[in-house]
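Report on the structure given below.
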Amino acid sequence: MVLEARALDITPETIVRFTRFGDERTARMLQRIVDDEIRHVAAGTKWFLWSMNRSGANPQESYQELVRRHFRGAVKPPFNDSARGQAGLTRDFYGPLAG
C-alpha cells in the first residue's frame, strides 16, 4: 500500500506536466494509472482493515509499525489526501510516518 499510494501522490503532477507540453495521450494514460492505483490501494486497505479487525489490532498503529519495520526510507509528503481518501487510506494511517 505504501508504493501504490505514493503513485497517487506524484502522478497527478506528472499528468499536469504532460498536459502542459501538449501530450494529451500520455496524460490520459497516466490518469488511467491513477484510477487503477486508487482501486489497488482500496483493495489493499480493505483487506488490511479486515485482517486488523479480525485480529483485534488497531489498524492505524499496525500499519505504522509494519511500515517502519519493512519499508526503507521515509514516507514523504506531499500527499494526495483526496486520492488516498478515495481509496480508504486516511491521513491517520500515514500522517505520523511523514518524515
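The values are calculated or read from the model by the stated rules, or taken from the named source; none is laboratory data. Computed from a predicted structure; not experimentally measured. Backbone-built Cβ (ideal geometry, glycine too); neighbour counts: all protein chains shown.
Tell me yes or no: at least one residue of region 23-30 is out of contact with any Pro (no Cβ under 9 Å at 6 or more places or on another chain) and modelled with pLDDT under 95. Outline the logic, then answer.
Narrowing region 23-30 to residues out of contact with any Pro (no Cβ under 9 Å at 6 or more places or on another chain): 23-29.
So of that shortlist, the ones also modelled with pLDDT under 95 come out as none.
No - not one qualifying residue is present in region 23-30.
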Within region 74-83, does at least one residue satisfy the condition of being among the aliphatic types (A, V, I, L, M), surrounded by fewer than 11 Cβ atoms within 10 Å (Cβ to Cβ) and either over 12 Å from ALA7 (Cβ atoms) or touching a strand residue (DSSP E or B) at 6+ places or on another chain (Cβ under 7 Å) (or both)? yes
Tally of residues being surrounded by 13 or more Cβ atoms within 10 Å (Cβ to Cβ) and closer than 15 Å to ALA87 by Cα across region 45-58: 3
Condition check: in contact with a Lys or Arg (Cβ under 6 Å, 6 or more places away or on another chain) and either at pLDDT below 95 or of a type in the set (A, V, I, L, M, F, W, C) (or both). Does ALA42 satisfy that? no
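Okay, residues lined up against (1) surrounded by fewer than 15 Cβ atoms within 10 Å (Cβ to Cβ); (2) of a type in the set (Lys, Arg):
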{"residue": "ALA5", "(1), (2)": "no, no"}
{"residue": "ARG20", "(1), (2)": "yes, yes"}
{"residue": "ASP23", "(1), (2)": "yes, no"}
{"residue": "HIS40", "(1), (2)": "no, no"}
{"residue": "ALA43", "(1), (2)": "yes, no"}
